[in-house]
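> One structure is given below, represented as structure tokens, and several questions about it will come after.
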Amino acid sequence: MSNINNIAVLTSGGDSPGMNAGIRAVIRTGIYHGKNMFGIRRGYDGMVQGDITPMDAKSVANIIQRGGTILKTARSDEFRTVEGRKQAYENLKKHNIDALVVIGGDGTFTGASKFIEEFDMPIIGMPGTIDNDLNGTDFTIGYDTAINTVVEAVDKIRDTAESHDRLFVVEVMGRDSGLIALRSGISTGAEAVLIPELEVDYDAIMKRLDKTRKNKSSRIIIVAEGDKEGGMVVAEKIQANFPAYDVRLSILGHIQRGGSPTCMDRVLASRLGVAAVEGLLEGRKAEMAGLICGNVQFTPFNKAIKHIDKVNENLTRIVEILSL
Ligand code: F6P
């Protein structure tokens with residue numbers, strides 16, 4: 001029998017499509033198990049400010065299909081201080097909150113770990129980030145929607161590239177991770193994908209572009225935001241090497257973070273929301289609920305946030321082989 005009665009949920013860090021489906025799952029699972037449920041607005045910042053409100057089943061109706069997060073999100077400087085965290089703890093106590101579910105990425109779990117260390121509060125995390133850069137889950141909530149947004153945009157760019165015989169460099173999100181770039185590159189038939197995890201061999205890329213010149217009238221190079229040089233410099237380098245090419249740069253930006261979540265993200269968020277609450281009730285803490293090979297698994301925060309290299313080099317080979 002769990003002695004947890006009052007559970008709160010928050011979203012923190014960059015928003016990602018499917019966070020709402022996750023909030024809905026957490027609130028309704030808690031209610032299903034007879035618990036009192038709360039929402040904390042604007043992430044840890046709201047915890048420090050005491051922006052905490054009770055939530056019922058109706059408060060999460062009609063949100064599963066909505067992008068963003070109804071609880072809003074923020075990055076909190078105050079929560080990084082001892083005083084800020086103490087204030088946050090006192091605010092939780094005012095509502096008798098005895099456990100938390102936090103939805104976010106590495107910064108969110110780092111904050112949660114600190115809080116657990118200081119106040120021994122049971123916290124379970126759910127992976128909410130478009131970057132997919134967490135250990136302990138094959139996919140993070142929002143990644144599938146983001147890559148589908150990229151694919152839709154790049155398909156459109158391909159139409160214009162093909163019509164004008166142009167080469168487009170498309171910069172996609174991923175501050176430290178090339179996983180958005182890699183998957184969207186394969187699925188749009190990109191000629192090359194540049195990601196921060198792998199050394200860029202410009203000579204090889206230029207040779208490849210040269211070799212395939214007669215087969216193609218359009219070319220797409222996908223560059224992850226975290227690439228050492230970034231899309232602008234890559235476009236300049238290619239233009240300098242091939243003055244005859246008509247090179248254009250397109251930076252997709254924050255459209256990648258918005259929009260209605262895909263079926264995959266909704267199901268993932270729903271499964272992990274149920275798992276997070278039931279994990280808390282079973283006595284778990286300081287772990288992230290994730291999905292590995294179709295099964296829910298829990299990974300300690302310190303392992304989940306280690307920046308792992310989920311990049312499968314075979315995928316970059318696939319880009320190369322298929323770019324002939
Ligand atoms: O972590 C998600 C992400 O979208 C990264 O890919 C990107 O680098 C970053 O957030 C941008 O953050 P902000 O919206 O705060 O500029």
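> Would you be able to tell me the number of residues in the range 248-269 that are part of a helix (DSSP H, G or I), open to solvent by less than 60 Å² (accessible area, probe 1.4 Å) and touching a helix residue (DSSP H, G or I) at 6+ places or on another chain (Cβ under 6 Å)? Full working, then the answer.
If we filter the range 248-269 for residues that are part of a helix (DSSP H, G or I), which is where we start, we get 253-257, 263-269.
If we keep only those that are open to solvent by less than 60 Å² (accessible area, probe 1.4 Å) too, we end up with 253, 256-257, 265, 268-269.
Still in the running and touching a helix residue (DSSP H, G or I) at 6+ places or on another chain (Cβ under 6 Å): 256, 265, 269.
Number of matching residues: 3.
> So, in the range 1-14, how many residues would count as being among the hydrophobic types (A, V, I, L, M, F, W, C) and not in a strand (DSSP E or B)?
Within the range 1-14, the first condition is being among the hydrophobic types (A, V, I, L, M, F, W, C), and the residues that meet it are 1, 4, 7-10.
Filter once more, so that each one left must be not in a strand (DSSP E or B): 1, 4.
Qualifying residue count, the range 1-14: 2.
> Got a sec? Which of Gly174, Gly185 is surrounded by 23 or more Cβ atoms within 10 Å (Cβ to Cβ), within 16 Å of the ligand (Cβ to nearest atom), part of a helix (DSSP H, G or I) and not acidic (Asp, Glu)?
Values: Gly174 fails: part of a helix (DSSP H, G or I).
Checking each option against the conditions leaves just Gly185.
> Restricting the first residue to the range 151-167 and requiring it to be farther than 21 Å from Ile180 by Cβ, which pairs with a second residue that is acidic (Asp, Glu) meet a Cβ separation below 9 Å and a spacing of at least six or different chains?
Every condition considered, the pairs that remain are His164/Asp246; Asp165/Asp246; Arg166/Asp246.
> Let me ask something else about it. If you check Gly43, Gly39, which single one turns out to be within 22 Å of the chain's Cα centre (by Cα), free of Cβ contacts under 8 Å to residues at least 60 places away in the same chain and crowded, with 19+ Cβ neighbours inside 10 Å? Working first, answer last.
Details: Gly43 fails: free of Cβ contacts under 8 Å to residues at least 60 places away in the same chain.
Unique residue meeting the criteria: Gly39.
> From the residues in the range 188-208 that are of a type outside the set (Asp, Glu) and part of a helix (DSSP H, G or I), which one is farthest from the ligand (Cβ to nearest atom)? Please lay out each step first, then the result.
Going through the range 188-208, the residues of a type outside the set (Asp, Glu) turn out to be 188-190, 192-196, 198, 200, 202, 204-208.
After this cut, where a residue has to be part of a helix (DSSP H, G or I) as well, the list is 202, 204-208.
Values: Tyr202: 23, Ala204: 26, Ile205: 23, Met206: 27, Lys207: 30, Arg208: 27 Å.
Ranking the candidates gives Lys207 first.
> With the requirement that a residue be crowded, with 18+ Cβ neighbours inside 10 Å and closer than 21 Å to Ile141 by Cα, what does the range 46-62 give you?
Val60
The values are calculated or read from the model by the stated rules, or taken from the named source; none is laboratory data. Predicted, not measured: the structure shown is a model, and the values here were computed from it. Positions of Cβ are backbone-derived with ideal geometry, glycine not excepted, and every protein chain shown enters the neighbour counts. Only protein heavy atoms, including side chains, enter the accessible area calculation; ligands, DNA and RNA are left aside. Shrake-Rupley method; radii C 1.70, N 1.55, O 1.52, S 1.80 Å.
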